[in-house]
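A short worksheet on the structure shown next.
Read-outs throughout are calculated quantities, based only on the coordinates presented, and are distinct from any laboratory measurement. Predicted model, so just to flag it, every value in this text is computed and none were measured. When we count neighbours, we look across all protein chains shown, and the Cβ atoms used for this are built from the backbone with ideal geometry, even at glycine.
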Amino acid sequence: MEVALLHFDSQRYRLLAWCIMPNHVHVMVETLNGHGLGAVVASWKQYVARMANRHLKRNGPFWHVDYFDRFIRDEGHHQTALTYIEENPVKAKLVEDKVDWRWSSAWRRLVT
């Protein structure tokens, strides 16, 4: 999933924050001109479904049909949403510190 998220970063969208959890994904993204959110999410889902189904030696639906989105209203909301996304593995008790979750923007900022 991370490969799919990073692939068109700075071309179709700006990837601001993400966290790949065992059974869901959180992403904060700013779409760039000409690239709607629906098309961006569809491309992520199509690529990951194809790769996962290949790996699992299966076919058929992989994701829920729809997705949930929210428009960021202001800087305060932006920071709250970013914190929520990156703290998700801590809240789920998968790690003690957000930077320890390998599949997140918090970890990536630490190592790059």
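Determine, yes or no, whether Arg50 is in a loop (DSSP other than H, G, I, E, B), within 22 Å of Ala4 (Cβ to Cβ) and of a type in the set (Lys, Arg).
Numbers: in a loop (DSSP other than H, G, I, E, B): no; within 22 Å of Ala4 (Cβ to Cβ): yes; of a type in the set (Lys, Arg): yes.
Considered against the rule, which asks whether it is in a loop (DSSP other than H, G, I, E, B), within 22 Å of Ala4 (Cβ to Cβ) and of a type in the set (Lys, Arg), Arg50 comes out as no.
For the stretch 88-105, give me each residue that is in contact (Cβ under 8 Å) with a residue 24 or more places away in the chain and either at positive phi or assigned to a helix (DSSP H, G or I) (or both).
Asn88, Pro89, Ser105
Scan the stretch 76-87 and report the pairs whose first residue is within 17 Å of Val99 (Cα to Cα) and whose second residue is polar (S, T, N, Q) and crowded, with 16+ Cβ neighbours inside 10 Å, with Cβ atoms within less than 9 Å and a gap of 6+ or a chain change.
Close Cβ pairs (under 9 Å, with a partner that is polar (S, T, N, Q) and crowded, with 16+ Cβ neighbours inside 10 Å) amount to Leu82/Ser105; Ile85/Ser104; Ile85/Ser105; Glu86/Ser104; Glu86/Ser105.
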